[in-house]
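Every number in this text was worked out from the coordinates using simple rules, so none of it is lab data. Keep in mind that this is a model prediction, so the values were computed, not measured. We place every Cβ from the backbone using ideal geometry, glycine too, and count neighbours over all the protein chains shown.
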Amino acid sequence: MAYNRINKNLMLPYQYTRGSFEERQRKAAQLCHKFYNSVMEKTKKETLTLQDIKSSIISILPKKVRLGIIPYTEDPEYGTICAQRLNFCPYSANIESEALELCCEKDNKVSIMNLPYVIHEFRHFTDSLFHPKILARDQRANHLLYVTGKDPDELYETAIYTDATDKKALFKMKLAIKKFFAGMKPEYKIDYLQNIRYKLITENNAYYTQYNYAKKMNKKHIKLTPECLIQENPYFMFEEKIALLKDMIYEIIMKERAKHAQKIKNCKDV
């Protein structure tokens, strides 16, 4: 729909984003690798300036897409080191800008030991560049917040993006989603589910990317936090959750198709 068009300053031309899903995944990963190499060339000590990070990003983008690099203005929540921020226009509910918000030391410097976390968030950004549907779904979910009054981020943080170890966790997630969907139109349910599915896909990518570059840095004998060297993906069961969401979307579509087929049959019988 026209009102859900993404800001051109957050997108790459089609010549960069065309290709299969796997090809775009590789392009997103390659841009992360260029970012890592550029940053590592700049660092001479144990810290990076925000300008170092920003100039590295500008130098590797095939087009000058706007990505803000800003320090936390207040204490980060839950020990967060950095985060991807989407800024929405209060009037149109569209995404105005995208930024990496970094927890800095004095003089707005970032510790080199936190670079894997920065790359984690940068992978979210590169995913959104090469998979435009990710931002489109985020924007659509924000539009629906005004229509339904239900905040998908609250559902995501409390019931989706959580530790999971067995099928019981998946069952609880499904129940929470169905409760959230109570009284909602089928098309809204599909929009929300697709938005959550894309969030999990890029989160899965980001954790793998974080871990891979932490290993590279560890081989260079760069001091890192112990958490960096833990492969965290299995603890969230991302792949199992993504599969569950796909099944839920399929169920809704099949149910609506069956209703439509029955209506056509009823009309013919009249």
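Between amide H atoms placed 1.01 Å from N, distances below 5 Å from residue 88 occur with 96, all of them 5 or more places distant or on a separate chain. Across the stretch 128-144, rounded Karplus estimates of 3J(HN,Hα) from the backbone phi angles (6.51 cos²θ - 1.76 cosθ + 1.60, θ = phi - 60°) give 5, 5, 8, 10, x, 4, 5, 5, 4, 6, 4, 5, 4, 5, 5, 4, 5 Hz, Gly and Pro being marked x.
Amide H contacts of residue 69: 100, each under 5 Å away and 5 or more positions distant or on a separate chain (H built 1.01 Å from N in the peptide plane; Pro and chain starts excluded). Listed values (1) 56, 44, 31; (2) 57, 45, 38; (3) 80, 41, 37 include one computed from this model; for Cα extents along the principal axes in Å that value carries the label (3). Sequentially through the stretch 34-41, phi angles give Karplus couplings (6.51, -1.76, 1.60; θ = phi - 60°) of 5, 4, 4, 4, 5, 5, 5, 5 Hz, Gly and Pro residues having no value and appearing as x. Each part gets one Cα centre, and for the stretch 112-152 versus the stretch 4-39 those centres are 14 Å apart. Counting only aspartates and glutamates at least 8 places from residue 106 when in the same chain, those with an alpha carbon closer than 14 Å to its own are 46, 74, 75. Once backbone amide H atoms are built at 1.01 Å from N, residue 104 has 72 as its partners under 5 Å, excluding neighbours fewer than 5 places away on the same chain.
Return the subset of 42/133; 168/259; 42/215 for which the Cα-Cα distance in this structure is over 25 Å, preserving the input order. Could you put the intermediate results ahead of the total?
Details: 42/133 33 Å; 168/259 31 Å; 42/215 19 Å.
Correct reply: 42/133; 168/259.
Kindly identify the stretch 31-75 as rounded, prolate or oblate by the Cα gyration tensor criterion: order the square roots of the eigenvalues as a ≥ b ≥ c, call it rounded if a/c is under 1.5, otherwise compare a/b with b/c, prolate if a/b is larger, else oblate. Cα axes put the stretch 31-75 in the oblate bin. Rounded to the nearest whole Hz, the Karplus-based 3J(HN,Hα) values (6.51 cos²θ - 1.76 cosθ + 1.60, θ = phi - 60°) of the stretch 248-264 follow the sequence 5, 4, 4, 4, 5, 4, 5, 5, 5, 5, 5, 4, 5, 5, 5, 4, 4, with x at glycine and proline.
Ranked from highest to lowest mean number of other Cβ atoms within 10 Å per residue, what is the order of the peptides 63-72, 27-36?
Working: 63-72: 14.9, 27-36: 19.5.
The peptides rank, most packed first, as 27-36, 63-72.
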